[in-house]
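Here, each number is a calculation from the coordinates, and none is a lab measurement. Just so we're clear, the structure is a prediction, and the values are computed from it rather than from any experiment. In this analysis, Cβ positions are derived from the backbone assuming ideal geometry, glycine residues included, and neighbour counts consider all displayed protein chains.
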Amino acid sequence: MDVAIQVADGVEVPFDDTWFDRIADAAVVASGRPRDAAEIAVLLADDAALQELNRRFRGKNTPTDVLSFEGEAEGMHEGPRHVGDIAISIERARRQAIDYQHSFERELAYLFTHGILHLLGFDHEVGAQLAVMRDAEERALAQVGLAREVNL
């Protein structure tokens, strides 16, 4: 999967395109979907930008951590299919990493994986689907060395 990253002004992200490509590949493998020619665009922004997108596209005037927007259906044209767009609040990802007591890297990878899985047809609104999506998220993160640490 080809990943195009856009970083909003004033937002700092300590990971390069290769890191995002690695996470995207793991998410696709964990999804069980074919690894066909596809591309996604990712916006890394702050809470204000995500709040505006959330208000405009979902009617919710609150910030959020990740949004995904479906792209083209399969077979619309030749060449790589634009699977969709993902927007992630780096500001919120940093706070959630502290709240959930894991690294910022794991939180950002989780949010990115979560967005990709939505674009690939996964959902978490229904109980059984939630378990399937969570399992795919954790398998993807484990594949890149970011498995959830369990404190006993």
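Some observations on this one:
- Beta bridges per DSSP, both residues in the chain: antiparallel share near 25 percent.
- Ratio Rg/Rh, restricted to the stretch 2-143 and using Cα atoms, in which Rh is the Kirkwood radius: 0.94
- For ASP123 and GLU12, a Förster radius of 25 Å and the Cβ-Cβ distance give a FRET efficiency of 0.20, rounded to the nearest 0.05.
- Among the trypsin sites (Lys or Arg not before Pro) found in the stretch 1-76, those both in a DSSP coil and sparsely packed, with 10 or fewer other Cβ atoms within 10 Å of their Cβ, are ARG35.
- Taking all Cα pairs closer than 8 Å and separated by 6 or more residues, the relative contact order of the stretch 2-143 comes to 26 percent.
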